[in-house]
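This report refers to the structure that appears directly beneath it.
The values are calculated or read from the model by the stated rules, or taken from the named source; none is laboratory data. Nothing here was measured: the structure is a model prediction, and the numbers come from that model. Note that each Cβ is placed from the backbone with ideal geometry, even for glycine, and that neighbours are counted across all protein chains shown.
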Amino acid sequence: MFFTEHEEEFANLLIRLGIRKNIAKVLVYLANIGEVSTRQVERGTDLRQPEVSLAMRYLLDRDWVRSYQSHRSSQGRPVKIYNLAKPIADIIGVIEDEKQQEVLQQIKLTKKLREYVC
């Protein structure tokens with residue numbers, strides 16, 4: 001599975017905002033697919049397992065994603081299933097708030113710089 005042009009643009013906007021590529025791709029994939037296994041994320045995003053694991057760890061730490069173990073068959077390891085813990089609009093709102101805070105901090109720093117020049 002490959003991203004549509006719309007999904008690719010969505011991921012690229014997140015990347016331009018400073019979100020790491022693997023995190024952006026996983027976030028967009030989960031927003032569009034719903035519940036998925038790690039292997040499905042790897043295939044759907046064209047990322048390697050370590051990249052998906054790092055992205056999932058970040059998303060889980062932020063409480064943007066939740067996971068549970070699925071015991072689909074009696075043999076083998078249980079499969080981890082992931083889905084968004086919050087609507088994608090809420091996640092984008094958090095990113096927006098963080099970026100606004102960063103801008104305000106940068107403005108404060110430039111004002112402080114001016115004190116040294118004047």
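Annotations
- Close Cβ contacts (under 6 Å, 6 or more residues apart or on different chains) running from residues in the range 37-65 that are among the acidic types (Asp, Glu) to residues that are surrounded by 19 or more Cβ atoms within 10 Å (Cβ to Cβ) and modelled with pLDDT of 95 or more comprise Glu42/Val52; Glu51/Asn22.
- Annotation: Ile33 fulfils all but one of (1) aliphatic (A, V, I, L, M); (2) at pLDDT below 95; (3) over 20 Å from Glu7 (Cβ atoms); the unmet one is (3).
- Of the residues in the range 97-118, at least one is part of a loop (DSSP other than H, G, I, E, B) and over 28 Å from Phe10 (Cα atoms).
- Only one of Phe3, Phe10 that is at pLDDT below 95 and surrounded by 14 or more Cβ atoms within 10 Å (Cβ to Cβ): Phe3
- Residues of the range 50-96 satisfying the condition of being exposed (fewer than 12 other Cβ atoms within 10 Å of the Cβ) and over 22 Å from Ile15 (Cα atoms): Tyr68, Gln69, His71, Arg72, Ser73, Ser74, Gln75, Gly76, Arg77, Pro78
- Being among the small types (Gly, Ala, Ser) and in contact with a helix residue (DSSP H, G or I) (Cβ under 8 Å, 6 or more places away or on another chain) holds for only one residue in Ala11, Ala89, Ala85, and it is Ala11.
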